[in-house]
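Student: Below you will find the structure I want to go over with you.
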Amino acid sequence: METKNVKAYGTEAPDAALKQMEINRRAVTEKDVAIDILYCGVCHSDLHTARNEWGGTQYPNVPGHEIVGRVTQVGTGVTKFKVGDLVGVGCMVDSCRTCESCKEGLEQYCENGNIGTYNSPDVHLNQQTFGGYSEAVVVDEDFVLRVPENLDLAAAAPLLCAGITTFSPLRHANVGPGQRVGIVGIGGLGHMAVKIAKAMGAEVVVITTSLSKVEDAKRLGADDVILSTDKEQMKANAHTLHFILDCVSAQHDINAYINLLKRDGRLTLVGAPEHPLPVSAFSLILNRISFSGSLIGGIAQTQEMLDFCGKHNITSDIEMIQMQDINQAYERLLKGDVKYRFVIDMASLKNK
């Protein structure tokens, strides 16, 4: 297949810094959309993958799955997009499309394995997929999303992962008016969850270990804040929440949060701690509690999320960086030193 070389930033080994490199992009086929990348968010998954912390990373590795850009070319069979459209690409660029999950619009749970935007098998070029830390990308139109024009484009980029990761479980739990919803952890995911749950009409309660996050939680829209290190506050709020979205990826006592749920309450994990979290059977049994997890969202739901964010003018709180600053950004990410998402201005790569 005909290919085109584009500039990118990636790494060639787990302990190597990210640096400029050239990668191949396929020529546009019948159903493809070519996208000039304007902004790409920096997700913690990028760092985990680049450093092979989850295993299975293929090198060279080019991360990035929070992509916003403009369409520069479309294939002859493309019906959904035209040149000049503002579009996004999230965590997936393909799936089998034939399994039960795919047929239900739940491509993220594809039973044959969805094709990730990076570090997945690229069936077109017989190599691994390369992500959004690059000048341009070519994606099947069915995995391209329309970005509302009214949103700040750079701040909209993290919606493609952090936005849908939190929107999907909130929607699945039918969060809305009359519900008291807890959000554990205020970081890249948690700060989006607060904004989205509030826009859905819920009473939003942030649960944090950090006194310094109290004011910020309220700025983001929280109605109340519980300091989880304060035993009296935790006791006073026992059995008061209908739903909890747990966005913490560090080890933590899940049972303390489960105790905040009402009968028939649900706690859903979107944070991904490295080690298993012990769950007391009685913390679930005594109040018929549901404990679950959630992975991003399907393409249709991701579009629903973008439209919802467009309607409510929701974007991520970001710090813009140049592509050349990505290694320093990774070090800061490890320390939690960002409010709340780094976004790369991809013009900085094109200009070099």
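The values are calculated or read from the model by the stated rules, or taken from the named source; none is laboratory data. Bear in mind the structure is a predicted one, so any value in this text is a computation, not a measurement. No Cβ is skipped: glycine too gets one built from the backbone with ideal geometry, and neighbour counts run over all protein chains shown. Just the protein is used for accessible areas: all its heavy atoms, side chains included, with ligands, DNA and RNA removed. Shrake-Rupley method; radii C 1.70, N 1.55, O 1.52, S 1.80 Å.
Student: Scan region 9-29 for residues that are in a strand (DSSP E or B) and touching a residue at least 12 places away in the same chain (Cβ under 8 Å) and jot them down.
Tutor: Y9, G10, T11, Q20, M21, E22, I23, N24, R25, R26
Student: Could I ask something else about it? Please find, among G163, G113, the residue that is out of contact with any Gly (no Cβ under 7 Å at 6 or more places or on another chain), outside any loop (DSSP other than H, G, I, E, B) and among the small types (G, A, S). It would help to see each step written out before you state the result.
Tutor: Details: G113 fails: outside any loop (DSSP other than H, G, I, E, B).
Just a single option satisfies the conditions, and that option is G163.
Residue by residue, here is whether (1) surrounded by 13 or more Cβ atoms within 10 Å (Cβ to Cβ); (2) touching a Leu at 6+ places or on another chain (Cβ under 9 Å); (3) more than 28 Å from D140 (Cα to Cα); (4) modelled with pLDDT of 95 or more holds:
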site	(1), (2), (3), (4)
S294	yes, yes, no, yes
I314	yes, yes, no, yes
D317	yes, yes, yes, yes
Y330	yes, yes, yes, yes
D337	no, no, yes, no
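Student: Any idea which of (1) free of Cβ contacts under 8 Å to residues at least 60 places away in the same chain; (2) within 16 Å of E203 (Cα to Cα) is the one I244 doesn't satisfy?
Tutor: In the conditions (1) free of Cβ contacts under 8 Å to residues at least 60 places away in the same chain; (2) within 16 Å of E203 (Cα to Cα), I244 misses (1) alone.
Student: Follow-up. Of the residues E215, E203, E232, which single one is surrounded by fewer than 19 Cβ atoms within 10 Å (Cβ to Cβ), among the charged types (D, E, K, R) and in contact with an Asp or Glu (Cβ under 7 Å, 6 or more places away or on another chain)?
Tutor: Details: E215 fails: in contact with an Asp or Glu (Cβ under 7 Å, 6 or more places away or on another chain); E232 fails: in contact with an Asp or Glu (Cβ under 7 Å, 6 or more places away or on another chain).
Testing whether each residue is surrounded by fewer than 19 Cβ atoms within 10 Å (Cβ to Cβ), among the charged types (D, E, K, R) and in contact with an Asp or Glu (Cβ under 7 Å, 6 or more places away or on another chain) leaves just E203.
Student: Still on this structure, I have one more. For region 91-105, name all the residues that are surrounded by fewer than 21 Cβ atoms within 10 Å (Cβ to Cβ), among the polar types (S, T, N, Q) and touching a Cys at 6+ places or on another chain (Cβ under 7 Å).
Tutor: S101
Student: A further question follows. One residue is enough: does region 298-307 have a residue meeting the conditions closer than 18 Å to L151 by Cβ, hydrophobic (A, V, I, L, M, F, W, C), at pLDDT 95 or above and not assigned by the TED database to the domain that holds L86?
Tutor: yes
Student: Since R263 meets every condition but one in (1) under 30 Å from G55 (Cβ atoms); (2) touching a residue at least 12 places away in the same chain (Cβ under 8 Å); (3) open to solvent by 60 Å² or more (accessible area, probe 1.4 Å), which condition does it not meet?
Tutor: Just one mismatch for R263, condition (1).
Student: Under 7 Å between Cβ atoms, which residue pairs at least 6 apart in sequence (or on different chains) link something in region 166-190 that is on the phi < 0 side of the Ramachandran plot with a partner that is basic (K, R) and outside any loop (DSSP other than H, G, I, E, B)?
Tutor: Taking only residues 6 or more apart or on different chains, the pairs are A173/R266; I186/K213; G188/R341.
Student: Take I285 and tell me if it is crowded, with 19+ Cβ neighbours inside 10 Å and either over 18 Å from T166 (Cβ atoms) or hydroxyl-bearing (S, T, Y) (or both).
Tutor: For I285, the condition - crowded, with 19+ Cβ neighbours inside 10 Å and either over 18 Å from T166 (Cβ atoms) or hydroxyl-bearing (S, T, Y) (or both) - is not met.
Student: Looking at (1) open to solvent by 20 Å² or more (accessible area, probe 1.4 Å); (2) modelled with pLDDT of 95 or more; (3) at negative phi, find the lone condition where N5 falls short.
Tutor: Status for N5: all satisfied but (2).
Student: Scan region 124-166 residue by residue and report those that are under 22 Å from K19 (Cβ atoms) and in contact with a helix residue (DSSP H, G or I) (Cβ under 6 Å, 6 or more places away or on another chain).
Tutor: E135
Student: Count, please, the residues in region 157-174 that happen to be in contact with a strand residue (DSSP E or B) (Cβ under 6 Å, 6 or more places away or on another chain) and under 27 Å from K7 (Cα atoms).
Tutor: Result for region 157-174: 3.
Student: Let me ask you something else. Limited to region 109-128, what total is found for residues that are open to solvent by less than 30 Å² (accessible area, probe 1.4 Å) and farther than 20 Å from P158 by Cα?
Tutor: Residues in region 109-128 being open to solvent by less than 30 Å² (accessible area, probe 1.4 Å) and farther than 20 Å from P158 by Cα: 4 in total.
Student: Continuing with the same structure: Could you pull out the residue among G55, G69, G64, G88 that is open to solvent by 20 Å² or more (accessible area, probe 1.4 Å) and not β-branched (V, I, T)?
Tutor: Going through G55, G69, G64, G88 in turn, just one is open to solvent by 20 Å² or more (accessible area, probe 1.4 Å) and not β-branched (V, I, T): G55.
Student: What number of residues within region 185-200 satisfy the criterion of being open to solvent by less than 20 Å² (accessible area, probe 1.4 Å) and in a helix (DSSP H, G or I)?
Tutor: Total satisfying the criteria: 8.
Student: Then there is this: What are the pairs, 6+ residues apart or on separate chains, where a residue within region 326-342 that is assigned by the TED database to the domain that holds R51 has its Cβ under 6 Å from a residue that is open to solvent by 40 Å² or more (accessible area, probe 1.4 Å) and not small (G, A, S)?
Tutor: Pairs found: V338/E319; V338/R332; R341/I318; F342/E319.
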